[in-house]
Ligand code: ADP
């Protein structure tokens, strides 16, 4: 089950600071779209507004045909993965993954089945009784991913999910995330400042600078037909 996301003239002001300016964007069902931009360009703020952790100062946002600007975060049906995993340290892996189902008051048999399926998806079934501090960073991120998708969200948001991992692990997790997105056919909005990550993982990349969407296009078009000098220099950089 995948859903479209539409941002219509979305704005965010923090006091006098115009952090997100006029975001107009349509993310297709099942699409992998990445917000790519330098630090401070407004990527995380845009993602937080989709998740419902921040309210837009103006504009509208639709998930499928439903406006979500007035819908509380936990009723939006959105899964989220953060850079720092944000697992509950006092809960086992299975309890962490079950958490979104527990708060939705899903029954025990269905919860067990869904947790098992999510752990199979991220290849972590044998770790179900461990605690987060007994896992490596990559393993913790797999569990965070399992927890984010266990309730079949209509869209998955990821904020720099690979940022805390070392280079080898990052390459590996990149492939894993792409496999999982493909298997679930899920709409994904991904945030990174890493050009290589954005270009290799996404169906389309939304390049952001100083709160503006500069160009939204597939990797090839960005690389070969950058709209302006910023896109050309930023996308052309490699780490
Ligand atoms: P990015 O994710 O691209 O690094 P952010 O969305 O985190 O950028 O931040 C964009 C701008 O908004 C930055 O200038 C940042 O300092 C500012 N900002 C972010 N959150 C807040 C906040 N809660 N209050 C005030 N300013 C903020």
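Structural remarks
- Principal-axis tilt of helix 93-103 within the chain, Cα atoms, nearest 10 degrees: 70 degrees
- In terms of surrounding Cβ atoms within a 10 Å radius of their Cβ, 90, 172, 193, 18 rank from fewest to most as 90, 172, 18, 193.
- Tail beyond 12 Å, pair distance distribution of region 114-156 (Cα, percent): 56 percent
- Residue among 174, 105, 12 with the largest mean-square fluctuation in a Gaussian network model of the chain, springs linking Cα atoms under 10 Å: 105
- When only Cα pairs below 8 angstrom with a gap of at least 6 residues are kept, region 84-129 shows a relative contact order of 45 percent.
- Here the alpha carbons of the chain define both size measures, Rg and Dmax, at 17.7, 56 Å.
- What the pair-distance distribution of region 23-91 shows, using all Cα-Cα distances binned every 10 Å from zero, is 16, 49, 29, 6, 0 percent.
- Against the chain, whose longest principal axis is taken from its Cα atoms, helix 137-149 shows a tilt of about 90°.
- Summary of the geometry: region 166-191 and region 1-20, compared by the centres of their Cα atoms, lie 24 Å apart.
- Reciprocal of mean inverse Cα separation for region 70-129 (Kirkwood radius, Å): 12.6 Å
- Beta bridges per DSSP, both residues in the chain: antiparallel share near 50 percent.
- Each peptide in 127-135, 141-149 receives the mean, over its residues, of other Cβ atoms within 10 Å, and ordering these scores from highest gives 141-149, 127-135.
- Counting every other Cβ atom within 10 Å of each residue's Cβ, 222, 213 order from fewest to most as 213, 222.
- Reciprocal of mean inverse Cα separation for region 75-216 (Kirkwood radius, Å): 15.7 Å
- All-pairs alpha carbon distance profile, region 138-239, 10 Å steps from 0, percent: 13, 46, 31, 10, 0
- Centre-to-centre, using Cα atoms only, region 79-95 and region 116-158 are separated by 8 Å.
- Contact order relative to length of the chain, as percent, for alpha carbon pairs under 8 angstrom and 6 or more apart: 28 percent
- The helix-based estimate of mean residue ellipticity at 222 nm for the chain, built from -39,500 (n - 2.57) per DSSP H run of four or more residues and divided by its residue count, is -11000 deg cm²/dmol to the nearest 500.
- Percent RCO, i.e. relative contact order, over region 166-230, from Cα pairs under 8 Å lying at least 6 residues apart: 19 percent
- Exposure proxy shown here: for 155, 175, the number of other Cβ atoms within 10 Å sets the order, fewest to most, as 175, 155.
- Taking label points 7 Å from Cα along the Cα-to-Cβ direction, residue 172 and residue 26 give a separation of 4.1 nm.
- Share of Cα-Cα pairs in region 28-135 lying beyond 25 Å, as whole percent: 38 percent
- Against the chain, whose longest principal axis is taken from its Cα atoms, helix 167-184 shows a tilt of about 80°.
Here, each number is a calculation from the coordinates, and none is a lab measurement. Keep in mind that what you see is a predicted model, and the values were worked out from it rather than measured. Please note: Cβ atoms are built from the backbone with ideal geometry, for glycine as well, and neighbour counts cover all protein chains shown.
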